[in-house]
Structures are given as structure tokens and as C-alpha cells.
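The next block holds one structure in the form of C-alpha cells; read it before the comments.
The values are calculated or read from the model by the stated rules, or taken from the named source; none is laboratory data. Just so you know, these numbers come straight off a predicted model, no measurement behind them. Ideal geometry is used to build each Cβ from the backbone, glycine not excepted, and the neighbour counts take in all protein chains shown. Please note that ligands, DNA and RNA were not included when accessible areas were found on the heavy atoms of the full protein model with its side chains. Shrake-Rupley method; radii C 1.70, N 1.55, O 1.52, S 1.80 Å.
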Amino acid sequence: MMRRMTLPRPSPSRRAPLIGLTLDHEPGGPGQFSRYPFHALRENYLTAVSDAGGMPVCLGYDCDAEALMARLDGLIVTGGAFDVDPALYGEPSHPMTSPRPTRTAAELALLRAALAQGKPVLGICGGMQLLAVEAGGTLIQHLPEEQPGDLQHEQPNPRHEPGHDVEIVPGTKLAQIVGADRMAVNSSHHQAVRDPGSARICARAPDGTIEAIELEGPGFAIGVQWHPEFSLDPGDRRLYAALVETAR
């Protein structure tokens, strides 16, 4: 049985690290939350940080990324119903690709500032894909065309249920954190990492799709293709706990 990292339980007497979370953006309109433009983020992104002993901080787009990261202890680049602009990895856009350049520019600035300052980073879904691109990698722009098969990465069942398992690569930081060689995960993506660049692959789906990456070195910079904020597997909580503990 693989040994996992032993992490202390969150204590009210210990300072809660400030963990920044990137936000989605909607234009607003009749019948929506607001008639005017608004930011949004699913609640469980924040509660997963709080449950791990951190203090979640929502981040807008109009800020000095370096100054903001200097006041934060860690960063989560979240996912959403959009795609990283293929121009960032030198490819034309596929008809099914839906970039949000303003969001990606803000997230990329925050990601670069966090890495430069040695702050821990967790990339989730699209956040993992951005981490791969920043590491010099490329993406599969529409997975069903290149990886047809029985495994559906846009799972038909609800996202609060597992869609498939992933195999964790032994000897990786992720393996040390989750303490297992397999995890049950949800799946909600039509793009995937093709080439992780200088990042290391640390998990794959049964069909070979890259499901997690990490940057080499002593720091914490991990990306996962699934949504660990749903806490479907014990490894999900361990991942958040490791992020918060590293941020202390």
C-alpha cells in the first residue's frame, strides 16, 4: 500500500492561509443573476478551501497580479465553460474552441506571479490546461475527434458523481499526497493536455488521456483535469489539505 503524506489537522489557533481563486465572468442580462456584468464561482470551490483550513479569496480581473500575489499565500486557477486561447500555444482555433481572452490573460498573469514568488498553485480543469501551456505544452482542442471510444470525458451522469477512475503515476508529488495508485474522479471537459511541456504527467485516464500534471522542483504546482472540490475521492481532500499546508 502506498504511503501518503501525513498532514496536520487544521487548527483554529493557526493562521489560515489566504488562497486566491480565479473567477468566471458573465455579461449579465434579463433573467440572469444581474442585468450587468458579474463574476461567478461555484460555492464548493470556496468551501473546499475552508474545509482544508484555508481562507478563500475571490479574484477579479482588474488587478496588479504581482502585487496581489504578494498578499496571498496560494492560488487556485479554476475551470469553467471556456477554453484556453490556442494562440498561446501556436495553433489556429478549432470550431469547437471557445476562448475567453480577458479571463485567460488575467489568470496567466496571476499564475506567472505565483510561480515567480514560489507560491503554491493548484490548476483545476481549465486551470490545469493553462498550467500545461505555461510549461510550454499544447492542448487537444476537441477530444472526441482525436480520442473516440467508450470513455466519455463529458460524463452523462451528474458532476457530483464519479465518471471514471484515473491511475496515479508512482513517485510523483500527487501520488505522495493522495496516498493511492487510483482515484475515482468526475469528468467535464472536451479539451485535454496533448503535450505537458516541461511539466510531469502524474495521472492518466483508462484511455490514456492526461489527467494530472505537476511542475518539477521543490514547490507545489499541480494541475488536475477533474474537479476535486466535489470531494468524490479521499484523495481530493488530501490534495486541498496539501495546498493549504504548503501555503502556511
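With the charge dipole of the chain set up from +1 on Lys and Arg Cβ and -1 on Asp and Glu Cβ about the Cα centre, the Cα lying farthest toward the positive end among the listed residues THR209, LEU41, GLN147 is that of LEU41. Taking amide H atoms as placed 1.01 Å from N in the peptide plane, the amide H of ALA203 lies under 5 Å from those of VAL169, GLU211, ALA212, each 5 or more residues away in sequence or on another chain.
Which of ALA52, MET183, GLY28 sits closest to the plus end of the dipole of the chain, meaning its Cα is farthest towards the positive end, when Lys and Arg get +1 and Asp and Glu get -1 on the C-beta? Projecting each Cα onto the dipole axis, the largest value belongs to ALA52.
Here is how the number arises for the chain: DSSP H runs of 4 or more residues each give -39500 (n - 2.57), the sum is divided by the residue count, and the result at 222 nm is -7500 deg cm²/dmol. Label-to-label distance, HIS94 versus GLU154, with points set 7 angstrom from Cα along the beta-carbon direction: 1.1 nm. Residue-wise HN-Hα couplings along the stretch 61-69, as the Karplus relation 6.51 cos²θ - 1.76 cosθ + 1.60 with θ = phi - 60° gives them from phi, are 8, 8, 7, 7, 4, 5, 5, 5, 5 Hz; Gly and Pro carry x.
Computed over the alpha carbons of the stretch 169-248, Rg followed by Dmax gives 12.1, 37 Å.
Put a dot 7 Å past the Cα of ARG15, heading toward its Cβ, do the same for GLN117, and the two dots end up 1.3 nm apart.
Straightening the chain between ARG204 and SER188 buys 4.3 nm, computed as 0.36 nm per residue apart minus the Cα-Cα spacing.
For the stretch 179-196, putting each phi into the Karplus relation 6.51 cos²θ - 1.76 cosθ + 1.60 with θ = phi - 60° gives couplings of x, 8, 9, 9, 9, 8, 10, 8, 8, 8, 7, 10, 10, 7, 6, 8, 10, x Hz, in residue order, rounded to whole numbers and with x for Gly and Pro.
Extension gain GLU145-GLU167, at 0.36 nm per residue separation less the Cα-Cα distance, in nm? Intermediate results must be reported in sequence, preceding the final value.
Working: separation 22, 0.36 × 22 = 7.92 nm, distance 2.30 nm.
Going from the current span to full extension adds 5.6 nm.
Sort 224-235, 56-67, 198-209 by packing, meaning the average of other beta carbons within 10 Å per residue, with the highest value first.
Per-residue Cβ counts within 10 Å, averaged per peptide and sorted highest first, yield 224-235, 198-209, 56-67.
With the highest mean first, a sort of the peptides 112-120, 153-161 on other beta-carbon atoms found within 10 angstrom per residue produces 112-120, 153-161. A quarter of the convex hull surface defined by the alpha-carbon atoms of the stretch 14-137 gives 8.6 nm² as the mean projection. Carbon-plus-sulfur accessible fraction, the stretch 26-95 (probe radius 1.4 Å, protein heavy atoms only): 54%. With the charge dipole of the chain set up from +1 on Lys and Arg Cβ and -1 on Asp and Glu Cβ about the Cα centre, the Cα lying farthest toward the positive end among the listed residues LEU72, SER93, ILE168 is that of LEU72. Rg then Dmax, both in Å and based on the Cα atoms of the stretch 136-176: 13.7, 34.
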